[in-house]
Structure formats: structure tokens, C-alpha cells
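Reading through the C-alpha cells given below for one structure.
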Amino acid sequence: MTTQPHAPSPRSIASRWVKIALVVVLAALATVAIGPAYLSGQWPWVNPPQVAQIDQLRTLQDQGLALPGWQLTAVGPIPVNRQTWTMADYRADSTAAAAPGQQFALLLRPQPWHSNQPQLEWLDLAGSQSWQIESRQRLKVAAPSGAGPVQARFFRAWGNRQSFAVVQWYAIPSGGHPSPSHWFWANQWSQLTQRQITPWVAVSLLIPMPPLAAIADYQPLALALTELVQQQLTTTVFD
């Protein structure tokens, strides 16, 4: 008695096509990544990718960030757990959208070197300032002119008899986000398509506020400053 061969099930056929599609996609990605190197003779492992904007990042660390409508009153380095941040103080001038005399501080940690990656600098910063944190929420800013959209951490921090409305995010050319994973995936794509590392700047924006004030009252200013900082980083550092 002979047995008839079994016909392949629909599930096995679908699985086979998925595997074929995956091989095709991987081959296409490899062609995109290796093809230009093959034609030029410049192989990736000979010249590892770098940050094209490393000079602008160093200038930012030394000089701070100029913001239209705001007077930069002081700028200098501060150490935070073996890291160097740049702290800048601003006061609203006559052209600012904020009330005259309004002040805020901007803490920036530009990417120090090609190999440095973001590593949740927020934890070291909060610990160094002995902050008590409350009213945590997300701040979302639509894409500023010439820049990408920003999602940021927004909360009240208080310690040493001072209280702040704080906004924090990692700024990159395509926008901003408080999670390092956002930079990671942008960096993977940048290396694959442009052979360059995506630059980043850790941003912590501090708006002074009375201890018992409602943080919601400071959200409009926080939104405006987040948009302004991201736009200036995009045009002066990332461009």
C-alpha cells in the first residue's frame, strides 16, 4: 500500500514566504550599506563613522546657546558625577514673548566625542541637586520651524529652598525625546544611510517658580522655550 505525499499546509507556505521576504529585505539593506563602499573602495571598518558636527558641539559646550529674545547673562561649566554640563542663565529682553525680567536656566550636555552615547544623564543631574520630584508628565511640542517634534519630561523639582518647573529631553537633528532609545534608532539609520553618527545634546531647562505655585501655570512658557531651544540647536549645531 502506497501513501500519498502530504500537501504543504497554508501555514507552512506563509512561513516560507515570510522567510524569503526577510532574506530579500536583509539583502537590500546590505546592498545599501556596502554597495557605495564597494564602488569607492572605502570599507566601513577602515573609516568608522563619526559625528560631522563635533566642532559645533564643542563650541556649544564652551559658549552656550544664543536664544532670540533672551539675554545670556552667564555661562560656564559645572561638574555632575564626572560629567561636564554647561549652565547658562537667561533673562527676557524687550522682544521676548515672556514677561520682562523673566529668568530661566539652561543646562546642556553636548555629546563630548564620537563614541559617547546618551546614558540617562537625568538621574545624575537629579541626584547632584538633591531634587525632590513631583507632578511628572509629558510635554509635547509640534515640529518647530526647520526642526522635528519634541517629547520631553516635565515636572516640578525642589530642593535647597528652590523650586523649578523642569523640562528635559535629548535633542537630535530629527527632533527630541527623553529616552536614549530614540537616539539609538535614529543613529542606526544614520549610520546605515549616511555613514555618520547622529549627534545629541542632553537638555535640562529650569524655570524658577514659587514653592506652592501650580506647575500648569508654567506650561505655556515651558512649551515656548522647548520649541525655541530645539529650533536653535537644529539651525546652529545640527545643521
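All of the numbers you see were taken from the coordinates with simple rules; none came from a lab. Note that the structure is a prediction, hence the values are computed from the model and not measured. Cβ atoms come from the backbone with ideal geometry, glycine included; neighbour counts cover every protein chain shown.
By the count of other C-beta atoms within 10 Å, a proxy for reagent exposure, 209, 87 are ordered fewest to most as 87, 209. Distance from the alpha carbon centroid of the stretch 47-72 to that of the stretch 185-239 works out to 13 angstrom. Taking the convex hull of the alpha carbon positions in the stretch 54-238 and averaging its projected area over all directions gives 10.1 nm². A cut-off under 15 angstrom between Cβ atoms defines the neighbours of residue 226, and their net charge, with Lys, Arg +1 and Asp, Glu -1, is +2. For the stretch 54-160, applying the loop criterion from DSSP together with a ceiling of 13 other beta carbons within 10 Å to the trypsin sites (Lys or Arg not before Pro) yields 82.
Have a look at 197, 66, 225 and report the one farthest towards the positive end of the charge dipole of the stretch 54-238, computed about the Cα centre with Cβ charges (Lys/Arg +1, Asp/Glu -1). Of the candidates, 197 comes out farthest on the positive side. Using the Cβ of residue 133 as centre and a radius below 11 Å, the other residues enclosed give a net charge of +2, where K and R count +1 and D and E count -1.
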